[in-house]
Amino acid sequence: MNEHAKLLTLSERADELEEAMMHQLTERIITKSALFNLADGKVEIENGQAILAANPGKYFLMGADPRLPPMPEKPTLIDFFKARFATTSHLLQSATHALKASHSEKVILACLLHDIGVASFIRCDHGYWGAQMIEPYVDEEVSWAVRTHQALRFFPDSSVGYDYPQMYIDNFGADYKPEPYIVRDYERARNHKYYMTSRMICVNDIYSFDPNAKVNLDDFVDIVGRNFRQPEEGLGFDDSPSAHMWRTLMWPTRFL
Ligand SMILES: [Fe+2]
Ligand SMILES: [Fe+2]
């Protein structure tokens, strides 16, 4: 064992090995963004020039990551469901509840998309992220509802039989209190014309965590077709204000 290896902890050595293997996987060098390291509890980013020096003759990845499922040239929302969303059963269950309850297509679509922030991107503030991703492509009622469910989830509404979720008590502890920005967004939402659309996300959300429920994306393809303005150029290549978010999801390890 050399001096360098002796100084490293086991997990640091595992990280180094993983990184070395990762770099050998492809002709292109794959790196992690700062955010991925933050999630591992590290405020750091690899030094590009040092990596290049350690990999003579190689270049950084500037496109598709060969370890991930390939995406078509002009990806649709359905392609992202299939190839980039880490889990879809919760979204499909929630939308299925809304469908069975004969809600409007806007409510069904809002349920189908309400947690894409979590499924594809990041947990923190997922309602805001998810709404931003879909905003250019859906009716404002749908994106408003997705954004606002983030706040409404924490507040009961007895008029529709929605209690504070037991799951949140189990997940966050009985003494968890929503932050002031969540409270402010809830208060702003209460008298908004789309309040009930967002509230219906919450209502159809609470029964949607059954790992064995049978759900099918095909049931929603037509509703998506009628209510999601799929750009001809493909999601990510249409120059909308959120196109870059879809591109990042497509190419999460692109160097720049
Ligand atoms: Fe959510
Ligand atoms: Fe949810």
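What is the packing order of peptides 81-89, 61-69, 202-210, taking the mean over residues of other C-beta atoms within 10 Å and listing the highest first?
202-210, 81-89, 61-69
Charges only on Cβ, +1 for Lys and Arg, -1 for Asp and Glu: so what's the dipole of segment 45-117 about the Cα centre, in debye to the nearest 20?
The calculation lands at about 120 debye.
Which one, 126, 89, 149, is farthest towards the positive end of the dipole of segment 33-155 when Lys and Arg carry +1 and Asp and Glu -1 on their Cβ?
So the residue we want is 89.
Quick check for you: which residues of segment 214-252 have the amide N under 20 Å from the point 7 Å beyond the Cα of residue 36 toward its beta carbon?
244-252
With all protein chains present, how much of the accessible area of the chain (probe radius 1.4 Å) comes from carbon and sulfur, to the nearest whole percent?
55 percent
Could you derive backbone 3J(HN,Hα) for segment 76-88 from the dihedral phi with the Karplus parameters 6.51, -1.76 and 1.60 (θ = phi - 60°), listing whole Hz in sequence and x where the residue is Gly or Pro?
Values per residue, Gly and Pro as x: 9, 4, 4, 4, 5, 4, 7, 10, 10, 7, 5, 8, 10 Hz.
Calculate, in nm to one decimal, what residue 214 and residue 233 gain on full extension: separation in residues at 0.36 nm each, minus their alpha carbon distance.
So the chain would gain 3.5 nm between residue 214 and residue 233.
Which entries in the list 82/214; 82/106; 42/82; 82/193; 32/82; 74/106 go over 27 Å, if you measure between the two C-alpha atoms of each?
42/82; 82/193
Over the chain, with the other protein chains present, what is the accessible area per residue in square angstrom, probe 1.4 angstrom?
I get 57 Å² per residue for the chain.
Could you work out the helix-only [θ] at 222 nm for the chain, with each DSSP H run of four or more residues adding -39,500 (n - 2.57) and the total divided by the number of residues, to the nearest 500 deg cm²/dmol?
-14000 deg cm²/dmol
With charges only on Cβ, +1 for K and R and -1 for D and E, what is the dipole size of the chain about its Cα centre, in debye, rounded to 20? Can you show the working numbers first?
Values: 26 positive and 36 negative charges, 37 e Å.
Magnitude of the dipole: close to 180 debye.
The values are calculated or read from the model by the stated rules, or taken from the named source; none is laboratory data. These figures come from a predicted structure and were not determined experimentally. Cβ sites come from the backbone with ideal geometry, for glycine too, and all protein chains shown count toward neighbours. Each accessible area value is taken on the protein alone, full model and side chains, heavy atoms only, with ligands, DNA and RNA left out. Shrake-Rupley method; radii C 1.70, N 1.55, O 1.52, S 1.80 Å.
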